[in-house]
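Worksheet: the structure to be examined is printed underneath.
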């Protein structure tokens, strides 16, 4: 599990997502996760399957899973 505080009031969490293969995939996943309340930034990397999320507080894993599912991919856990 990777979750740590970068700056006061923010938490960075890295998730593993399967199925991403291109920039469009990265954009789809990033777009859905960025709609979760409290999310400040999202960076998805198809080549590693990692999605780095910076949020105001720890996110509910099920909310992130639902967002990734909505984008058409599978959240397999945290990196």
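Structure values in brief
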| quantity | calculated |
| --- | --- |
| Spin-label zone in region 6-42 - amide nitrogen under 17 Å from a point set 7 Å from the Cα of residue 62 along the C-beta vector | 36-37 |
| Residue-averaged [θ]222 nm for the chain, counting only DSSP H segments that reach four residues, each worth -39500 (n - 2.57) | -8000 deg cm²/dmol |
| Directionally averaged projected area (convex hull, Cα atoms, the chain), nm² | 4.3 nm² |
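Since every read-out is calculated from the coordinates, none of them should be taken as a lab result. Source: prediction; values computed, not measured. Note that each Cβ is placed from the backbone with ideal geometry, even for glycine, and that neighbours are counted across all protein chains shown.
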